[in-house]
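We did not get these values from a lab; they are worked out from the coordinates using the rules stated. All values derive from a computational prediction rather than experimental measurement. Please note: Cβ atoms are built from the backbone with ideal geometry, for glycine as well, and neighbour counts cover all protein chains shown.
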Amino acid sequence: MPHEPQPLSPDELDAEAVRTWSSLALAALGRAREDIDAINVYPVADADTGTNLYLTAESADRGLAEAFPEVTDGTGRTSLAEAVRAWAHGALVGARGNSGTILAQLLRGVADVLGAEPAEPAEPAEQAGRGPGGLLARALTRAAEEAYAAVAHPVEGTMLTVAGAAARAGEAAGAAAGTAAEVARAAYDGARAALADTPGQLAALGRAGVVDAGGCGLVVVFGALWQALSGQEPAAEPVRGRAVPVPSSPDPCAQEEDGPAYEVIYLLEASEAAVGELRERLDGLGDSLVVVGGDGLWNVHVHVDDPGAAVEAGVVAGRPYRIRITHFGDERRRARGERAQRAVVAVVPGEGLAGLCGEAGATTVLVRPGEPPAVAELLDAVRRAHAREVVLLPGGAELRAAAAAAAEQARAEGVRVAVIPTRSAVQGLAALAVHDPEGSFDEDVVAMTAAAGATRYGELAFAERQSFTSAGICQAGDVLGLIDGDVAVIGSGLAETAEAVLDRMLGSGGELVTLVLGPDVPDAVAERLEAYVQQGHLAVDTVTYRGGRYSAPLLVGVE
């Protein structure tokens with residue numbers, strides 16, 4: 001149930017204070033969300049900063065509530081350290097966009113201090129800065145330091161500047177033996193002053209006549225902190241009044257659309273040393289690089305032109321998951337309040353296929369073997385497509401139920417959704433090839449369904465153990481050739497087995513063979529199979545793609 005803020009002492013800094021801060025920040029960001037979205041011009045004018053901050057705060061609040069339910073209903077007490085760590089972890093796993101990722105790191109910095117030191121009321125004889133006020137000041141300072149360190153190339157005039165100013169103001173109040181509430185008020189006032197100066201620090205803001213959107217959201221968060229500790233509600237006018245485009249720029253989002261085409265975000269399980277190398281690699285691929293987290297779990301955010309390379313860099317560093325790839329063309333359209341008539345969402349098993357489908361205009365959901373996407377991931381992709389009509393390509397029989405559930409929820413939100421029962425990525429490619437966004441929805445769905453249904457699909461895999469199959473007994477290490485989901489050929493070599501599979505699939509005719517190579521399959525195999533098809537079937541064309549990491553050794557489609 002929603003948390004009701006509890007009255008606190010001005011110098012009380014405990015788990016209840018964190019819970020109250022979280023609830024107030026979430027509510028305040030919810031109220032300011034649209035205003036902040038409207039002034040989002042940096043680093044990309046995609047009108048989602050307010051939304052990203054809100055969704056990140058929502059994930060943080062949920063993490064706190066789920067980990068410590070007693071904090072939400074007042075029936076028990078939880079340590080400050082436990083509460084603040086759960087809050088920061090929730091932000092990390094749910095961080096959205098550039099601004100949300102930085103907010104997650106700010107909360108981690110707060111947790112590093114509040115989660116490590118007890119907060120006891122200060123005695124009169126104690127030195128200045130030793131009580132809860134001093135502790136909070138140190139937490140805000142650490143938060144700003146870690147946020148700056150997480151951004152590859154910090155820029156002033158952004159939420160980093162606001163965080164730094166808040167930390168300095170809070171530190172001064174803490175050094176003067178201020179209470180926690182007084183430190184929070186000083187930080188809030190410092191953030192407001194810094195926010196007002198951002199148009200003069202960043203040219204993009206000055207041209208649009210707005211303050212920084214991320215900084216505006218951060219002021220809201222600091223205001224919630226002060227309210228949690230003082231019981232006084234911040235005035236809305238100093239923040240929201242400045243956060244309005246001046247008449248000279250009625251459309252602040254109408255800026256140049258130069259820069260990388262994609263935003264890539266994923267969670268990553270990796271060592272700190274591996275993440276250091278990842279930062280260098282991603283920094284060479286794009287911009288707006290932010291890597292936050294620690295203790296083996298990281299949230300990676302970057303803007304690139306090659307999303308596959310960004311994901312591949314994560315694979316080299318560790319284990320990436322919850323991968324989100326967003327095309328800025330879609331975001332800019334949404335920023336202008338436009339909604340596409342129709343979009344395609346495709347579930348794919350490799351970053352190479354994700355890039356291929358993305359180039360065809362599809363919103364993609366990248367999956368790992370054995371880790372099918374949840375209904376929430378598919379629904380999120382439908383929402384990101386931002387269209388009135390969506391065609392969903394699940395890419396596997398095991399995903400049909402999740403796809404159907406996501407479609408049902410999207411329909412309840414007013415989106416017309418059709419699920420095409422694709423059972424393989426090659427069937428999804430066939431459906432995309434005939435997709436006609438200008439035609440009627442029903443005709444488009446029928447044509448895509450027919451193309452997918454007319455595509456026989458094959459897959460080559462390696463047997464992990466001895467077992468019985470429809471083609472006989474296989475041994476560990478054997479190459480299995482599957483056709484339409486059933487084992488049809490058992491061989492010892494990849495190329496030889498693939499040729500046998502092609503013979504069977506082309507036995508009933510075909511005009512086009514699609515080969516999707518896994519990451520470890522050499523180009524020579526593709527050349528051999530292309531020549532094999534050409535020799536035996538002169539009228540059949542062959543196209544070859546790289547599936548990327550996580551894709552099967554070989555996928556085959558025959559249309």
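Give me the distance between the Cα centres of segment 389-463 and segment 498-552, rounded to whole Å.
23
Given Cβ point charges of +1 (Lys, Arg) and -1 (Asp, Glu) and nothing else, what value in debye, to the nearest 20, does the dipole of segment 15-240 about its Cα centre take? Display every interim value, and only then the final one.
Values: 16 positive and 27 negative charges, 43 e Å.
With only Lys, Arg, Asp and Glu charged at Cβ, the dipole is about 200 debye.
Using 7 Å Cα-to-Cβ label points, what is the R465/V434 separation (nm, one decimal)?
That separation, rounded to one decimal, is 4.2 nm.
Mind ranking 288-297, 92-101 by how tightly packed they are, going by the mean number of other C-beta atoms within 10 angstrom, highest first? Don't skip to the answer; put the middle values down first.
Details: 288-297: 19.8, 92-101: 26.2.
The packing order, highest mean first, is 92-101, 288-297.
Using the per-residue mean of other Cβ atoms lying within 10 Å as a proxy for protection, in what order, highest first, do the peptides 382-394, 194-206, 102-114 fall?
102-114, 382-394, 194-206
Quick one: order E182, E377 by neighbouring beta-carbon count within 10 Å, fewest to most.
Numbers: E182 22, E377 19.
In increasing order of surrounding Cβ atoms, one gets E377, E182.
Can you tell me the FRET efficiency between A235 and A273 if r is taken as the Cβ-Cβ distance and R0 is 41 Å, rounded to the nearest 0.05?
0.30
Can you sort Y148, Y54 from fewest to most other Cβ atoms within 10 Å of each residue's own Cβ? Intermediate values should be presented prior to the final figure.
Working: Y148 16, Y54 27.
Least crowded to most crowded, the residues run Y148, Y54.
Residues in segment 496-535 near a label at I473, defined as backbone nitrogen under 12 Å from the 7 Å Cα→Cβ point?
none
How high is the FRET efficiency from D484 to E156, r the C-beta distance, R0 56 Å, rounded to 0.05?
Numbers: r = 59 Å, r/R0 = 1.05.
Calculated value: 0.45.
Using alpha carbon coordinates only, what is the Rg to Rh ratio of the chain, with Rh defined as the Kirkwood radius?
Values: Rg = 26.7 Å, Rh = 25.5 Å.
Checking Rg against Rh, the ratio lands at 1.05.
If you stretched the chain out fully between A81 and D287, how much longer would it get, using 0.36 nm times the residue separation minus the C-alpha to C-alpha distance?
Values: separation 206, 0.36 × 206 = 74.16 nm, distance 3.44 nm.
Stretched fully, the A81-D287 segment lengthens by 70.7 nm.
At a threshold of 8 angstrom on Cα-Cα distance, excluding pairs fewer than six apart, so keeping six or more, what relative contact order does segment 15-240 reach in percent? Walk me through the numbers before you get to the answer.
Details: 442 pairs, mean separation 50.0, N = 226.
With pairs under 8 Å counted, the relative contact order is 22 percent.
Considering Cα pairs under 8 angstrom that are at least six residues apart, work out the relative contact order of segment 340-454 and quote it in whole percent.
Values: 204 pairs, mean separation 29.0, N = 115.
Once divided by the residue count of segment 340-454, the mean separation gives 25 percent.
Fewest first, what order do S79, S492, S23 take by the number of other Cβ atoms within 10 Å? Could the numbers behind the result be given before it?
Details: S79 14, S492 10, S23 21.
In order of increasing Cβ crowding within 10 Å: S492, S79, S23.
Placing +1 at every Lys and Arg Cβ and -1 at every Asp and Glu Cβ, with all other atoms neutral, what dipole size does the chain have around its Cα centre, in debye to the nearest 20?
On the way: 42 positive and 78 negative charges, 125 e Å.
That gives a dipole near 600 debye.
If I stretch the segment between A401 and A67 completely, what's the gain in nm (0.36 nm per residue apart, minus their alpha carbon distance), one decimal? Don't skip to the end; give the middle numbers.
Numbers: separation 334, 0.36 × 334 = 120.24 nm, distance 2.95 nm.
Going from the current span to full extension adds 117.3 nm.
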